[in-house]
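J.: Below are the structure tokens for one structure; questions will follow.
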Amino acid sequence: SQQGEEDPQALSIQEGENATMNCSYKTSINNLQWYRQNSGRGLVHLILIRSNEREKHSGRLRVTLDTSKKSSSLLITASRAADTASYFCATRAAGNKLTFGGGTRVLVKP
Amino acid sequence: ETGVTQSPTHLIKTRGQQVTLRCSSQSGHNTVSWYQQALGQGPQFIFQYYREEENGRGNFPPRFSGLQFPNYSSELNVNALELDDSALYLCASSQDRANEQFFGPGTRLTVL
């Protein structure tokens, strides 16, 4: 079963616009991570936010975490065609496994 | 590129057959985790190996089994293949069990 649910399932934007996607999860977590996947290939780690953090930045990425609402958001600013990919949130609770959501498919049109 | 390699890239099998997928972990990593990703879905955790021992398992039947070798590379074996086993199989290595995981490119398995 999937812990997280991403919203929206798909997103289409113009190059230069911002893209925002959300992730909700069900149980308490140690951290939440965002990954990118291009065309059904391997996953690329983007950013990790710990349960005691509320916001984190990495380049054009901004992640927020609200543990009271069990939700997170990923913002990609000034999107580029190369940002076209599927984006997944993954949570780590007690233990070692990552539990992924179903993903948001982002299309950035030039 | 993460330094995690998987072989083969693609594989076609028929129902009832057995398959072995291989993963070489990144240098310095002692933990390998395996995931199954069905088309259009997120990856699902199969199991994790830490220093040659299974260290956690997801909701997969016993016909999914694995090994980790002294050099920390790993194999995923699936017996009695079913059509629903068609998926992208991803391995990820990490330095110890709870650290950041680095994913390989995956093996796409098609079961006919």
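J.: When you look at the Cβ of every residue in B:100-109, what mean number of other chain Cβ atoms sits within 10 Å?
T.: 4
J.: Can you find, among B:106, B:48, A:73, the residue farthest towards the positive end of the dipole of the protein assembly as shown? Put +1 on the C-beta of Lys and Arg, -1 on that of Asp and Glu.
T.: A:73
J.: Please report, in debye to the nearest 20, how large the charge dipole of chain B is about its Cα centre when each Lys and Arg carries +1 at its beta carbon and each Asp and Glu carries -1 there.
T.: The dipole of chain B has a size of about 240 debye.
J.: Further, regarding this structure: Can you give the alpha-carbon Rg of region B:1-108 over 2.2 N^0.38 Å, where N counts its residues?
T.: Taking the Cα Rg and dividing by 2.2 N^0.38 Å, one obtains 0.98.
J.: Could you tell me which residue out of B:21, B:94, B:67 lies farthest along the dipole of chain B toward its positive end? Charges go on the beta carbon: Lys and Arg +1, Asp and Glu -1, centred on the Cα centre.
T.: B:21
J.: Under 16 Å from the Cα of residue A:70, which aspartates and glutamates turn up, not counting those fewer than eight places away in the same chain?
T.: A:5, A:6, A:7, A:53, A:55
J.: Additional query: In whole angstrom, note down how far apart the Cα centers of region B:1-50 and region A:42-93 are.
T.: With region B:1-50 and region A:42-93 each reduced to a Cα centre, they are spaced 24 Å.
J.: So how strong a dipole does chain A carry about its Cα centre when Lys and Arg Cβ are +1 and Asp and Glu Cβ are -1, to the nearest 20 debye?
T.: Values: 15 positive and 9 negative charges, 58 e Å.
In debye, rounded to 20, chain A gives about 280.
J.: Let me ask another. In whole Hz, with x marking every Gly and Pro, tabulate ³J(HN,Hα) for region B:34-39 from phi via Karplus 6.51 cos²θ - 1.76 cosθ + 1.60, θ = phi - 60°.
T.: 10, 9, 10, 10, 6, 4
J.: Cα to Cα, under 29 Å, and not fewer than 8 places away if on the same chain: which lysines meet these conditions relative to residue A:69?
T.: A:26, A:56, A:97
J.: What ratio of Cα Rg to 2.2 N^0.38 Å holds for chain A? Write out the running numbers ahead of the final one.
T.: Numbers: Rg = 13.2 Å, N = 110, 2.2 N^0.38 = 13.1 Å.
This ratio for chain A stands at 1.00.
J.: Further question: What is the ratio of the Cα radius of gyration of the protein assembly as shown to 2.2 N^0.38 Å, with N the residue count, to two decimals?
T.: 1.01
J.: So, by mean Cβ neighbours within 10 angstrom, what's the order for A:29-36, A:51-58, A:66-73, B:105-112 with the highest one leading?
T.: Averaged packing, sorted descending, gives the order A:29-36, B:105-112, A:66-73, A:51-58.
J.: Ok, one more. Output wanted: per-residue J couplings in Hz (rounded whole) for region B:18-25, from phi through Karplus 6.51 cos²θ - 1.76 cosθ + 1.60, θ = phi - 60°, x for Gly and Pro.
T.: 10, 9, 10, 10, 10, 9, 9, 7
J.: For a protection proxy built on the mean count of beta-carbon atoms within 10 angstrom, sort A:84-93, B:10-19 highest first, please.
T.: In decreasing order of mean packing, A:84-93, B:10-19 become A:84-93, B:10-19.
J.: What average number of partner chain Cβ atoms lie no more than 10 Å from the Cβ of the residues making up A:34-43?
T.: That works out to 5 on average.
J.: Can you tell me which aspartates and glutamates have their Cα less than 19 Å from the Cα of residue B:13? Leave out same-chain residues fewer than eight positions away.
T.: The qualifying aspartates and glutamates are B:75, B:82, B:84, B:85.
J.: Which net charge results when you count Lys and Arg as +1 and Asp and Glu as -1 among the other residues whose beta-carbon is under 11 Å from that of residue A:97? Write down the numbers at each step before the final one.
T.: Details: positive: A:92, B:57, B:97; negative: none.
That works out to +3.
Coordinate-derived values only; no laboratory data. Since the structure is predicted, the reported quantities are computational estimates derived from the model, not experimental observations. Glycine also receives a Cβ, built like all others from the backbone with ideal geometry; neighbour counts cover every protein chain displayed.
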